[in-house]
Amino acid sequence: MKYGIIGAGAIGGYYGARLAQSGQEVHFLLRSDYDYVKEHGLQVDSCDGSFHLDTPHVYSHTEDMPECDVVLVCLKSINNYKLRELLLPLLTEQTLVVLIQNGIGVEQDVEEMLPGIQLAAGLAFICSAKTEPGHVNHQCYGQINLGNYSCRDEQRLLQVIDDFNKAGVKAGQVEYQEARWKKAVWNMPFNGMTVALQTQTNLLLQNKATRQLIYDQMMEVIGAAQHLGVKNIDESFAQQMLAMTDAMTPYSPSMRLDYDFHRRMEIYYIYTRPIQIAREAGFDMPKLAMLEAELRFIEATYAPTLV
């Protein structure tokens, strides 16, 4: 199949490069490092084996890209207002768009923007960073789960999963709501807490007080998900996420990196939207609501024009 990558940074660069290395036709949209990658190629340093793409298909505008069978959207969700313009040149009636983005509610908003679009959620469990132009550093993990939101062709979704597995990326299918809320169990505590306390994931778990707070926040997410009828999510999943993070390389999540570089943070879809959805259903997440307020304050102190 023909793949398009929108947002070829730490996540899109890694997954797209893996697919290209395995023989798939992959077209990358690049912005700041387009000229560099066009001349020098794309380097992936990975715990699962490093490699270099000498001549990837790269573009600076989607108008120059071909129509694609599958588009992986790996932009930060704060840029989703650009998606209609970016996606339209790539779409056919059969195109599947996979939103590999953090948060709750992104698919609903993109569907309102582009009625009839076929969407799936891509839930990546990966530690990866773009360290310099044309250079992705994949530190650990890498699994991706896909949840069907509005894909009418189940075989296409299954083919994407198969292509990932053949490319050396462990992939599977999960129910959509389960996928989104399970990812939130990790994202909501760790993204914001590394910003609020200016630390990394390992130090949060090595301290008894903050480990308990992380657990409590995870249980708020699990409680909200259960209240909303999400299946296969309970206290054991929180323990699983804690154990996974204990084994993880010390890591600064994407929100911490955005804070470090004074970029706007993904507060709306990671915090505001799920807290609102849960509250409307009669379930409150007080610890995470407090963290959301702290993040709003922090963002306003370095970038008041962004809030």
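The values are calculated or read from the model by the stated rules, or taken from the named source; none is laboratory data. Quick caveat: nothing in here was measured; it's all calculated off a predicted structure. Counting neighbours? That spans all protein chains shown, and the Cβs are built from the backbone with ideal geometry, glycine included. Calculation scope for accessible area: heavy atoms of the full protein, side chains included, ligands and nucleic acids excluded. Shrake-Rupley method; radii C 1.70, N 1.55, O 1.52, S 1.80 Å.
Quick notes on this structure:
- Out of 82, 38, 76, one residue alone is more than 18 Å from the chain's Cα centre (by Cα) and open to solvent by 20 Å² or more (accessible area, probe 1.4 Å). It is 38.
- Complete set of residues in the range 47-68 that are crowded, with 19+ Cβ neighbours inside 10 Å and over 12 Å from residue 30 (Cβ atoms): 53, 68
- Residue tally, condition part of a loop (DSSP other than H, G, I, E, B) and open to solvent by 10 Å² or more (accessible area, probe 1.4 Å), over the range 247-265: 9
- Residue in the range 157-174 that is more than 24 Å from residue 17 (Cβ to Cβ), in contact with a strand residue (DSSP E or B) (Cβ under 9 Å, 6 or more places away or on another chain) and part of a helix (DSSP H, G or I) present: no
- Residue within the range 117-140 that is in a helix (DSSP H, G or I) and over 27 Å from residue 36 (Cα atoms) present: no
- Verdict on residue 146 being surrounded by 22 or more Cβ atoms within 10 Å (Cβ to Cβ), hydrophobic (A, V, I, L, M, F, W, C) and in contact with a helix residue (DSSP H, G or I) (Cβ under 7 Å, 6 or more places away or on another chain): yes
- Any hit, the range 237-253, residues being within 12 Å of residue 195 (Cα to Cα), among the hydrophobic types (A, V, I, L, M, F, W, C) and in contact with a strand residue (DSSP E or B) (Cβ under 8 Å, 6 or more places away or on another chain): no
- Pair list, Cβ < 8 Å and 6+ apart or interchain, from the range 125-137 residues that are closer than 11 Å to residue 46 by Cα to residues that are in a strand (DSSP E or B) and acidic (Asp, Glu): 135/45; 136/45; 137/45
- Residues that are in a helix (DSSP H, G or I) and touching a helix residue (DSSP H, G or I) at 6+ places or on another chain (Cβ under 6 Å), drawn from the range 275-307: 275, 278, 287, 288, 289, 291, 292, 294, 295
- So residue 231, is it in contact (Cβ under 8 Å) with a residue 40 or more places away in the chain and either basic (Lys, Arg) or on the phi > 0 side of the Ramachandran plot (or both): yes
Every residue, every condition in (1) open to solvent by 70 Å² or more (accessible area, probe 1.4 Å); (2) not aromatic (Phe, Trp, Tyr), yes or no:
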| site | (1), (2) |
| --- | --- |
| 206 | yes, yes |
| 215 | no, no |
| 219 | no, yes |
| 226 | yes, yes |
| 245 | no, yes |
| 276 | yes, yes |
| 290 | yes, yes |
| 296 | yes, yes |
